Amino acid sequence: MADEELAKDLGPLAALTIGVGTMIGAGIFVLPRQAYQIAGPAIALSFVVGGVISLFTALSASELGTAMPKAGGSYYYVNHALGPLFGSIAGMGNWMGLAFASAFYMIGFGDFVTALVTVPPIDLNVIRIPGTQVAAFFAGILFIGINYVGAKETGRLQNVIVIMLVAILTVFSILGFLQADLSTLKPFAPTKDGYGAVLPGTALVFVSFLGFAKITTVAEEIKNPGRNLPLAVVGSVVIVTTMYAILMIVMASVINWTELAAPGADPVVEVAEVAFGNSLGLAGVGAGLIIFGGLLATASSANASILASSRINFAMGRDKLITAWLNDIHDKFATPYRSIAVTGVIILVLILIGNIKTLAKAGSVLHLIVYGLLNLALIVMREADVAEYDPAFRVPLYPITPILGALFSFALIAFMNRIEIALAVLFVVFGIGWFFVYARPRTDKQGVLSRYILSRPDDMPEPAVSAATSVKPDGGDYRVMVPLANPEHETDLISLASAVASQRGGTVVATHIVQVPDQTPLASGAEHVEELDAESADLLERARNDAETFGVPVETHTILSHRSFEEIFDAAQSHDADLVVMGWGEDSHGSPGRAESALDELTNGLPCDVVVLRNRGFDPSRVLVPTAGGPDSALSAAIAQMLQAEYGSELSLLHVTDESREAGEEFLADWATDHDIRDANLVVVEEDDVEAAIERAAADCSLLVIGATEEGLLARLFRGSLALDIVDDVDCSVLLAEKQRKRSVRERLLG
């Protein structure tokens, strides 16, 4: 049986965009009119206060996340530290808070839709649904449906959306600043409550800060979480707070706040018309760009909230606080479809009956309860002195930081309206009732707090979180990883990898990547591997049997990932691979002539040497290695030598030159000596057409080993490459060898 592991899919940018993408929409695109009504220009201070409150909790979440990287994030930390009673409160609060926030975002989305097209209201016998909510309702059905069927690559789309939004708002703020009249900001706190309106304003706009904690729900999937998790969590809060404060000041200095607060006003669009119109003469373009940005922002926030809710449900189901029925995986779509459907129905109901201010504050108040409990959870974990609690990041100024985080979170609830406070009390009571009626008879989990109080320190049980480690079997230090996908090529890839491992006294590491929809937590996918990929176990078992015939040690790993091809190189790094032996992709992964994808080629170096097999039947009896002395030729030579030693291959070296034959023969002899090749046919061809010469020589061989192209990505995309043309035109199998080395961005683009 293969080891199952969760891939570390998310780098710092991807993790950062989870938080920023959720937070960047509400404050600037949806709430400005209501916010200015409460505090005038001083609403900028409300955002700063909200950011400061969030920062305390963000620091606590970062420590807990690096110590306990588990799906469920805030809920998991509370449940683990304080026990299932508080876990029920936090879980229900987090789940319903996300539902309220999603409905809020969808109504904001509907508002921007109605700015573009007329959406007629719907009159029912008992209720009249405005056009904005009609548009929001149908948009909600669309986004719930997308998550239900598990659209792929939503994580990448989120990155693109966030970058576009930041760019749009940056241009908006710069052009607005050029039109600013700071006299409109006096008095700075003009409403009847003066600066006393700042905290009620924070209570309204705090919904803008709900995204940072969502990063911790995917902590299991973040690369180097000790560094990247705190950077993403704290960084998202700082970025969004700064942007919101600047934008609210700029907007109120372009158009007087009283006009922005007027009934029916659409502040961000109106300011865009002035800013773009006076600066560029493009008032209509500015308004259209902002409407487009508003659609992107509210859509991405709503989608992220729906996705996060399924992760919360999964974590609660794992702890038996709700029925595991909600976490069943769809046979076709591989998503937690019941959880998404139930949450979706709640969101749709809230869209129809909700007021935008009430939805915003309701989402905030439920999250504030969770944030307060999260800070208390950190204190418990520290004071209980659990031996295995070893976070890679620790909050500064402990215990002041989590104490202030808890106090500020609970205190802000007091500045909500009565209906939101009543809602908070109702959900706390409901969570307590749910625990005693449903969860208590079913769950056997006991929180650290209870164990600390009732037990002696030397009787501490096993921690709920333990890092998964894989023990390498004896087999030398050299490790050859084989990512398997196509059963038809499994034997040939394993044979090639085993031959190399045998010659190096190393180990074969056979991996199979099971792609999980973004809507499904990886840990949940691990419980449903057979439903996601019925061939996984059989494929790796065949690989183990084939490798063992060579007498080499073999490991097998099933890797759960939200990506497919891109995960290969992360897995190579995490498994300490020295060489990756992989099959040839149909489109060469958008980077023809090289092993990595186009994006990886531009942004990352290979973690190890790589050979890619274009398989037309693995036959190493007659091996041809063409060389011009390029940097990858050393790997080509090494692979050819190992095949020769393992299979007794007939080895030929080919050099094509447009100089004299004597010079070519001297070069090839020296190259063979430098690479310690003694038993090979040396073939020199005088010809200008290198491709044609190699193809003719390959007609008499069974395996061609060729170095990766040295042409830059731009040249290959427009003109093709010698290596790729040869791979396509010869009849034998081809090994494309690419050696690990550093290349500048210029070399990657231009060669």
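The values are calculated or read from the model by the stated rules, or taken from the named source; none is laboratory data. Being a predicted model, the structure only gives us computed values, none of them experimental. Glycine also receives a Cβ, built like all others from the backbone with ideal geometry; neighbour counts cover every protein chain displayed. Keep in mind that these areas ignore ligands, DNA and RNA; they rest on the heavy atoms of the full protein, side chains included. Shrake-Rupley method; radii C 1.70, N 1.55, O 1.52, S 1.80 Å.
Odds and ends about this structure:
- Listed here are the helices (runs of 4 or more DSSP H) enclosed by the range 387-463 that have at least 2 residues being at pLDDT below 85 and open to solvent by 50 Å² or more (accessible area, probe 1.4 Å): 448-454.
- A single entry from 352, 376, 366, 359 fulfils the requirement of being assigned to a helix (DSSP H, G or I) and modelled with pLDDT of 90 or more: 376.
- Within the range 620-651, tally of residues that are in a strand (DSSP E or B) and either touching a His at 6+ places or on another chain (Cβ under 8 Å) or crowded, with 20+ Cβ neighbours inside 10 Å (or both): 5
- Filtering the range 11-45 to residues that are open to solvent by 10 Å² or more (accessible area, probe 1.4 Å) and in contact with a Lys or Arg (Cβ under 9 Å, 6 or more places away or on another chain) leaves 11, 12, 14, 18, 34.
- When residues of the range 166-178 are limited to those that are among the aliphatic types (A, V, I, L, M) and modelled with pLDDT of 85 or more, the one farthest from residue 255 (Cα to Cα): 167
- Complete set of residues in the range 181-202 that are surrounded by 14 or more Cβ atoms within 10 Å (Cβ to Cβ) and hydrophobic (A, V, I, L, M, F, W, C): 185, 188, 189, 197, 198, 199
- Any chance residue 340 is more than 28 Å from residue 515 (Cα to Cα), crowded, with 17+ Cβ neighbours inside 10 Å and β-branched (Val, Ile, Thr): no
- Residues that are assigned to a loop (DSSP other than H, G, I, E, B) and more than 17 Å from residue 652 (Cβ to Cβ) were ranked within the range 687-710; the one that is most open to solvent (accessible area, probe 1.4 Å) is 688.
- Checked against (1) modelled with pLDDT of 85 or more; (2) more than 46 Å from the chain's Cα centre (by Cα); (3) hydrophobic (A, V, I, L, M, F, W, C), residue 703 passes all but a single condition, namely (2).
- Of the helices (runs of 4 or more DSSP H) that lie entirely inside the range 251-333, those containing 1 or more residues that are modelled with pLDDT under 80, polar (S, T, N, Q) and in contact with a helix residue (DSSP H, G or I) (Cβ under 9 Å, 6 or more places away or on another chain) span 267-280, 283-318.
- Apart from one condition, residue 316 fits all of (1) over 16 Å from residue 443 (Cβ atoms); (2) in contact (Cβ under 8 Å) with a residue 24 or more places away in the chain; the exception is (1).
- Search result, residues across the range 172-212 that are farther than 27 Å from residue 97 by Cβ and of a type in the set (A, V, I, L, M, F, W, C): 172, 174, 175, 177, 178, 180, 182, 185, 188, 189
- Count of the range 711-740 residues which are at negative phi and either open to solvent by 50 Å² or more (accessible area, probe 1.4 Å) or at pLDDT below 70 (or both): 18
- Answer residue from the range 56-87, given it is among the polar types (S, T, N, Q) and open to solvent by less than 10 Å² (accessible area, probe 1.4 Å) and is nearest to residue 233 (Cα to Cα) among those: 62
- Residue list for the range 179-215, restricted to those being assigned to a helix (DSSP H, G or I) and aliphatic (A, V, I, L, M): 182, 185, 197, 198, 199, 203, 204, 205, 207, 213, 215
- Residue that is most open to solvent (accessible area, probe 1.4 Å) [pool: residues in the range 88-116 that are of a type in the set (S, T, N, Q) and more than 22 Å from the chain's Cα centre (by Cα)]: 114
- Remark: residue 595 falls outside the filter, which requires a residue to be on the phi < 0 side of the Ramachandran plot, modelled with pLDDT under 85 and surrounded by fewer than 19 Cβ atoms within 10 Å (Cβ to Cβ).
Residues are listed down the side, and each one gets a yes or a no for (1) on the phi > 0 side of the Ramachandran plot; (2) among the charged types (D, E, K, R):
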site	(1), (2)
210	no, no
214	no, yes
224	yes, no
227	no, yes
231	no, no
238	no, no
244	no, no
248	no, no
251	no, no
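- For the range 499-508, the set of residues classified as more than 8 Å from residue 480 (Cα to Cα) and touching a helix residue (DSSP H, G or I) at 6+ places or on another chain (Cβ under 9 Å) consists of 499, 502, 503, 504, listed by residue number.
Table: residues versus (1) over 19 Å from the mean Cα position of the chain (by Cα); (2) farther than 25 Å from residue 183 by Cα.
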| residue | (1), (2) |
| --- | --- |
| 232 | no, yes |
| 244 | yes, no |
| 263 | yes, no |
| 277 | yes, no |
| 287 | yes, no |
| 297 | no, yes |
| 303 | no, yes |
| 327 | yes, yes |
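- Filter result for residue 251 (farther than 23 Å from residue 98 by Cβ, more than 16 Å from the chain's Cα centre (by Cα) and aliphatic (A, V, I, L, M)): yes
- Considering only residues in the range 563-592 that are open to solvent by less than 20 Å² (accessible area, probe 1.4 Å) and more than 26 Å from residue 725 (Cα to Cα), the one that is modelled with the highest pLDDT turns out to be 577.
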